[in-house]
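The values are calculated or read from the model by the stated rules, or taken from the named source; none is laboratory data. No experiment lies behind these values; they were computed from the predicted model shown. Note that each Cβ is placed from the backbone with ideal geometry, even for glycine, and that neighbours are counted across all protein chains shown.
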Amino acid sequence: METEQKRFDSGDLPALRRILCEQGLLSRPDGSASWIQGDTSVLVGIYGPTEVKVSKEIYDKATFEVLLKPKIGLPGVYERSREQMIKKTCEAVVLGTLHPRSSITIVIQVVTDAGSLLSSCLNATCMGLVDAGLPMNSLFCGVTCALDADGNITLDPAMKQEKEARAVLTFAIDSAEKKILMSNTKGSCSVEELQQCIAASQRAADTIFQFYRDSAHRKYSKW
Amino acid sequence: MKETPLSNCEKRFLLRAIEERKRLDGRQCYDYRNIRISFGTDYGCCIVELGKTRVLGQVSCELVSPKPNRATEGILFFNLELSPMASPAFEPGRQSDLLVKLNRLLERCLRNSKCIDTESLCVVAGEKVWQIRVDLHLLNHNGNIIDAASIAAIVALCHFRRPDVSVQGEEVTLYTPEERDPVPLSIHHMPICVSFAFFQQGTYLLVDPSEQEERVMDGLLVIAMNKHCEICTIQSSGGIMLLKDQVLLCSKVTGVKVAEITELIQKALANDQKVRKEGGKFGFAESIPNQRITAFKIEQATIDTDDVQEQAEEIIAKASPPSEVLANPVLWAPGTAQIGEGVENSWGDFEESEKEEEEEEVAQDKSTTDDQTMEMGDTSVGNQDKKDETIVLSDSEEEDVIILEPEGAQKNRTETSYKQDIASKKPVSKKK
């Protein structure tokens, strides 16, 4: 159960929930990461580059396969659409041309959904790709913003905040130029609000990229 | 992707080691791997780690109408999924033999042993009962899936709380967790599966085989037992003959192992409950050891979004206004309108291309009809007279085209169409 967190603890500033990430926790996949953001928790396992089915083979680049597994029941339309979003984001970032005629399989398991699921999946995927050691031209992260009735922006909303929000916007942002790789919006918002959310997400992305950096720094600190 | 096969030397090495009573991971024959149980923030959610094998369990419930022949019993549903995350050999959504076998064994272990009181899941007899769904996801496959899955299933069931309901007359009220504390399921006993791998036709026996050991084993014996040493299920697979003594030995070992595991489960459950009661931190986040070098954590981070508004305004101000939309379409002829400015038709000259096609067709027709005219002789002449009739009778598209064609082409065309239509146009042939 999500405890009501104090979100505006320092003045009026929106905040990201606590982030915890563990890499390489599964022995079978080539890369794996567990990403916990607030109470939302996802686990990702990546196999690749490996052999590909002939029917899916692309002669000049790697084939991406993304599987998003819900916790209860079988994957449906919602999962399929999210899979496509994550797949396209990965294709934009990973240097697939270095591994032609091979497949990169990304399996994402939802462990707990307590809001900002898509952005958590994106973050977990990026950490997984880093752990698998796949060449990428930049890192990426996902940030979710919720707009309430008054137009206030809440970053990284919890489930309850997401439900009460007028609009929920999720962006994937790359680390090199802080540009938008993917965006997904639900609800209505004005052009101005959209730009505000993008700007806020870009600020939040800095924090997440710093987290990636510190995490990698810690991981390789004893080499 | 296919599973990487185990090479012959690896197989021989493993078997030789087993003959010398040694195991690759340094365990003794009857040793179990370490079991670690962690709970999620939701009720009925747990991850069980058996060595490196990892299973995620989640229990959910739903009010449904009962099965007609079991009007007062709730429904238990088990679903084990072999996620491709666990091993590249597992394909998504495929019902492999292994999966069917594991699911069935799990059902026999937990449902048929009547460890859950299904009658307590009844709300209104014959109308509303609880359906308890147990979803198990294999996250990492390192051998002995069934033991890990059975532990995960029973732990998740013990941890689960269903919403409280009350019945007043015909009315069923469902209470949210805030209104009334959710109630746990009533569990009579906890059956746990223990696997034994047999090698060299049953000469050697190992408890809790790892993935590599599973690949070289000859047979598998799975015994499900509760802590009162009551056997719930027993299954031998792989086609080896076991002696009575071997089975008895295995059941004795199972009794010891099940007692140990049950104690561990109860300790884990009590620990989680204590933390929840005290209002401490719980969930998977707390179960990741923070000292681990591969794990990293930051506390809640505030983001400075002070000048976001100005930034957004700036972007919008800089952005070029959207191009003007041409509102009034140009009406060329009734039913044909144009939107946008004088764009050339890029579809090419229709008449020309049509002519070309026709010429080609004529050429083809000539070659195909040559021998046909020879065969039919007079009929082709008679046909010319009756061509009006042919057109009238026909409903094929080609006939319509004929009217527009020049004379020479028409002649040939009618012949071909005649040939085509012979079968379908009985009236014409009758006239002849």
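Restricting the search to segment A:115-137, which residues are crowded, with 22+ Cβ neighbours inside 10 Å and of a type in the set (Gly, Ala, Ser)? Selection gives A:GLY115, A:SER116, A:SER119, A:SER120, A:ALA124, A:GLY128, A:ALA132. Once segment B:291-307 is narrowed to residues that are over 36 Å from the mean Cα position of the chain (by Cα) and either within 16 Å of A:ARG17 (Cβ to Cβ) or facing another protein chain (nearest Cβ under 7 Å) (or both), the residue that is surrounded by the fewest Cβ atoms within 10 Å (Cβ to Cβ) is B:ASP304. With respect to the conditions (1) more than 26 Å from B:ARG292 (Cα to Cα); (2) among the hydroxyl-bearing types (Ser, Thr, Tyr); (3) at the interface with another protein chain (Cβ under 10 Å from one of its Cβ atoms), A:SER138 lacks only one, and its number is (3). Look at (1) without any contact (Cβ under 8 Å) to a residue 40 or more places away in the chain; (2) buried (at least 19 other Cβ atoms within 10 Å of the Cβ); (3) more than 14 Å from chain A (Cβ to nearest Cβ) and you find that B:ILE37 fails only one, number (1).
May I ask you to verify whether A:THR154 is away from every other protein chain (no Cβ under 14 Å) and either at negative phi or not in a helix (DSSP H, G or I) (or both)? Give the steps one after another, and end with the answer.
On the way: away from every other protein chain (no Cβ under 14 Å): no; either at negative phi or not in a helix (DSSP H, G or I) (or both): yes.
Judged against the criteria, A:THR154 is not a match.
Here B:ILE261 meets each of (1) of a type outside the set (D, E, K, R); (2) outside any helix (DSSP H, G or I); (3) at pLDDT 95 or above with one exception, condition (2). For segment A:114-135, does any single residue satisfy the condition of being in a strand (DSSP E or B), within 18 Å of A:PHE211 (Cα to Cα) and not aliphatic (A, V, I, L, M)? Among the residues of segment A:114-135, not one is in a strand (DSSP E or B), within 18 Å of A:PHE211 (Cα to Cα) and not aliphatic (A, V, I, L, M), which makes the answer no.
Okay, residues lined up against (1) of a type in the set (A, V, I, L, M, F, W, C); (2) part of a loop (DSSP other than H, G, I, E, B); (3) within 23 Å of A:ASP113 (Cβ to Cβ):
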{"site": "A:ALA172", "(1), (2), (3)": "yes, no, yes"}
{"site": "A:GLU177", "(1), (2), (3)": "no, yes, no"}
{"site": "A:THR185", "(1), (2), (3)": "no, no, yes"}
{"site": "A:GLN195", "(1), (2), (3)": "no, no, no"}
{"site": "A:ALA199", "(1), (2), (3)": "yes, no, no"}
{"site": "A:ARG203", "(1), (2), (3)": "no, no, no"}
{"site": "A:PHE209", "(1), (2), (3)": "yes, no, no"}
{"site": "A:HIS217", "(1), (2), (3)": "no, no, no"}
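Restricting segment A:178-216 to residues that are without any contact (Cβ under 8 Å) to a residue 12 or more places away in the chain and more than 9 Å from chain B (Cβ to nearest Cβ) leaves a set whose member that is farthest from A:ASN137 (Cα to Cα) is A:SER190.
So which strands (runs of 3 or more DSSP E) stay within segment B:61-148 end to end and still have 2 or more residues that are within 14 Å of chain A (Cβ to nearest Cβ)? Before the answer, list the steps.
On the way: elements: B:75-82, B:122-124, B:128-140.
Result: B:75-82, B:128-140.
Just one residue in the set B:SER237, B:SER166 is in contact (Cβ under 8 Å) with a residue 60 or more places away in the chain, out of contact with any helix residue (DSSP H, G or I) (no Cβ under 7 Å at 6 or more places or on another chain) and exposed (fewer than 14 other Cβ atoms within 10 Å of the Cβ); that residue is B:SER237.
Restricting segment A:53-71 to residues that are within 12 Å of chain B (Cβ to nearest Cβ) and surrounded by fewer than 15 Cβ atoms within 10 Å (Cβ to Cβ) leaves a set whose member that is modelled with the highest pLDDT is A:LYS56. Within segment A:142-188, if we keep just the residues that are surrounded by 20 or more Cβ atoms within 10 Å (Cβ to Cβ) and of a type in the set (Val, Ile, Thr), the residue that is nearest to the chain's Cα centre (by Cα) turns out to be A:VAL143. Of the residues making up segment A:25-53, those that are within 15 Å of A:CYS121 (Cβ to Cβ), out of contact with any Leu (no Cβ under 7 Å at 6 or more places or on another chain) and not in a loop (DSSP other than H, G, I, E, B) number 6.
Within segment B:49-60, being part of a strand (DSSP E or B) and not small (Gly, Ala, Ser) holds for B:GLU49, B:LEU50, B:THR53, B:ARG54, B:VAL55, B:LEU56, B:GLN58, B:VAL59.
When B:ASP97 is tested against the conditions (1) surrounded by fewer than 14 Cβ atoms within 10 Å (Cβ to Cβ); (2) over 27 Å from the mean Cα position of the chain (by Cα), the lone failure is (2).
Scanning segment B:267-290 for residues that are over 36 Å from the mean Cα position of the chain (by Cα) and either more than 9 Å from chain A (Cβ to nearest Cβ) or buried (at least 16 other Cβ atoms within 10 Å of the Cβ) (or both) yields B:LYS274, B:LYS277, B:GLU278, B:GLY280.
For segment B:149-178, how many residues are in a strand (DSSP E or B) and over 19 Å from B:ASN271 (Cβ atoms)? Break it down into steps so the answer makes sense when it comes.
Going through segment B:149-178, the residues in a strand (DSSP E or B) turn out to be B:161-162, B:165-168, B:171-174.
After this cut, where a residue has to be over 19 Å from B:ASN271 (Cβ atoms) as well, the list is B:162, B:165-168, B:171-174.
Final tally of qualifying residues: 9.
Selection within segment B:200-218: residues that are of a type outside the set (A, V, I, L, M) and buried (at least 18 other Cβ atoms within 10 Å of the Cβ). The member of this set that is nearest to B:ASN34 (Cα to Cα) is B:ASP208. Checked against the criteria, A:SER55 counts as more than 29 Å from B:ASP42 (Cα to Cα), free of Cβ contacts under 8 Å to residues at least 12 places away in the same chain and more than 18 Å from the chain's Cα centre (by Cα).
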